[in-house]
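A.B. asks: My structure is below; once you've seen it, I'll send some questions.
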Amino acid sequence: MDVPVHQVRKPYSELLSARLGSFLRQGGSTCYTPTEGGTVIDDFEVLNAQGSASDEGSNIIRDLHEKLADAQQQLSQGEININQLNSKCNELARQRDHDQKTFEEEKSQLQLKLQKLTGEHDKRGHELQKYKDTISRTLTPIHVAIEPIASQGRYIGLNGTGLNSYQPRGGGAVKLHTRIQWWEIFELERHGNGIYAFRSVAFDNRYIRADPHHIAPGDRAEWGGGEVNGQYGCGEYEKYRIHRVGDHGEVAIEPVKFPGRFFRMGNWDDAICLQGAVDWWEKFHLLLLL
């Protein structure tokens, strides 16, 4: 219970000593009456009130200790979790460093292998080029003359006079001549896969060129058609396949760019033209000149 301030004029210890002496003299319980008047206070009620307050404070302190203990336990558990996380992070970092090191080592090994393979490739490329150069130097150029079966004793010749640069429609003249001289001699130039070109010996870097124009495969035009002349340099129009078409060395000459068209001996001005099929007029001998 609450005690008004004006009711207590002396320290509690003095009141307790006076009350205890009076109690002992009278042999019983009594109340202490302040000299200045006021409400009579039972000392035991004061003690009981203060005891109750002390018990309540003890309970609060005990609860606070328990809560503090719980908080310390949780803090300890949190520190354990943090330590575990730090340990895991350190483990992951070590694993990352190990993986990075492994990656760098493998990368270095692959780079070394690549350098080795590149070196071997270059070495083999140089060896292959040397082999090609050796073959090119050791092979003797094949010189031929072209003789039509239908007019033996005459030979295709190329006049490359004035043909000093590439011309879109070619130039010079390709005609039949009665003797084999410089104009009638050609180097059978190899281009691989059974493809050849006829390079003039008399006129450097001039080749026989063929353009069938309107002649289609299978055509049998009465006088043939298209155009056979010369060209400066060797391109698509100057390459041919040579087909064996008889038992006595007869061949047909087919432009690579125009399959199904063949050289034909012309019927006017000793010209050479093209035809869409192989018959008597489209057969030739290639005479090897030693």
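The values are calculated or read from the model by the stated rules, or taken from the named source; none is laboratory data. Keep in mind it's a predicted model, so treat the numbers as computed, not measured. Counting neighbours? That spans all protein chains shown, and the Cβs are built from the backbone with ideal geometry, glycine included. Ligands, DNA and RNA are stripped out before the accessible areas are found, and what is left, the full protein with its side chains, is counted by its heavy atoms. Shrake-Rupley method; radii C 1.70, N 1.55, O 1.52, S 1.80 Å.
A.B. asks: Check which residues have an amide H placed less than 5 Å from ASP219's amide H, if you skip close sequence neighbours.
C.D. replies: Long-range HN contacts for ASP219: GLY276.
A.B. asks: Hey, rough spin-label estimate for ARG220 and HIS248, points 7 angstrom out along Cα→Cβ, what's it come to in nanometres?
C.D. replies: Each label point lies 7 Å from its Cα, and together they span 2.2 nm.
A.B. asks: Now for a separate question. Per residue Cα convex hull volume for the stretch 170-219, in cubic angstrom?
C.D. replies: Dividing the Cα hull volume of the stretch 170-219 by its residue count gives 129 Å³.
A.B. asks: Quick query: amide H of ARG264 versus all other amide H atoms, modeled in the peptide plane; which residues come in under 5 Å with a sequence gap of 5 or more or a different chain?
C.D. replies: CYS273, LEU274, GLN275
A.B. asks: Quick one: what are the phi-derived ³J(HN,Hα) couplings along the stretch 217-222, Karplus 6.51/-1.76/1.60 with θ = phi - 60°, whole Hz, x for glycine and proline?
C.D. replies: Each residue's phi maps through the Karplus curve to give x, x, 5, 10, 4, 4 Hz.
A.B. asks: Tell me the GluC sites (Glu not before Pro) within the stretch 139-225 that lie in a loop according to DSSP and have at most 12 other beta-carbon atoms within 10 Å.
C.D. replies: Here the GluC sites (Glu not before Pro) that fit, given the DSSP loop and packing criteria, are GLU222.
A.B. asks: Starting from the Cα-Cα distance between SER151 and ALA69, subtract it from 0.36 nm times their residue separation and give me the gain in nm to one decimal.
C.D. replies: 17.1 nm
A.B. asks: Give the calculated FRET efficiency between LEU85 and GLN129 to the nearest 0.05, with a Förster radius of 51 Å applied to their Cβ-Cβ distance.
C.D. replies: For LEU85 and GLN129, the calculated efficiency is 0.20.
A.B. asks: Could you give the size of the charge dipole of the stretch 152-262 about its Cα centre, using +1 on the Cβ of each K and R and -1 on the Cβ of each D and E, expressed in debye and rounded to the nearest 20?
C.D. replies: The dipole of the stretch 152-262 has a size of about 80 debye.
A.B. asks: Roll a 1.4 Å probe over the protein chains and send me the accessible area per residue for the stretch 156-258 in Å².
C.D. replies: Each residue of the stretch 156-258 exposes 52 Å² on average to a 1.4 Å probe.
A.B. asks: Something else now. Computed over the Cα atoms of the stretch 135-255, what is the ratio Rg over Rh, Rh following Kirkwood?
C.D. replies: Taking Rh as the inverse mean 1/r over Cα pairs, Rg/Rh reads 0.95.
A.B. asks: Now for a separate question. Subtract the Cα-Cα distance of HIS98 and SER165 from 0.36 nm times their separation in residues, and report this length gain in nm to one decimal.
C.D. replies: Extra length from HIS98 to SER165 when fully extended: 17.4 nm.
A.B. asks: Run the accessible area of the stretch 152-274 with a 1.4 Å probe and give the carbon-and-sulfur part as a rounded percent.
C.D. replies: 46
A.B. asks: A further question on this structure: Take peptides 77-83, 269-275, 159-165 and line them up by average Cβ neighbours within 10 Å, highest first, as a rough protection proxy.
C.D. replies: Listed from highest to lowest mean packing, they are 269-275, 159-165, 77-83.
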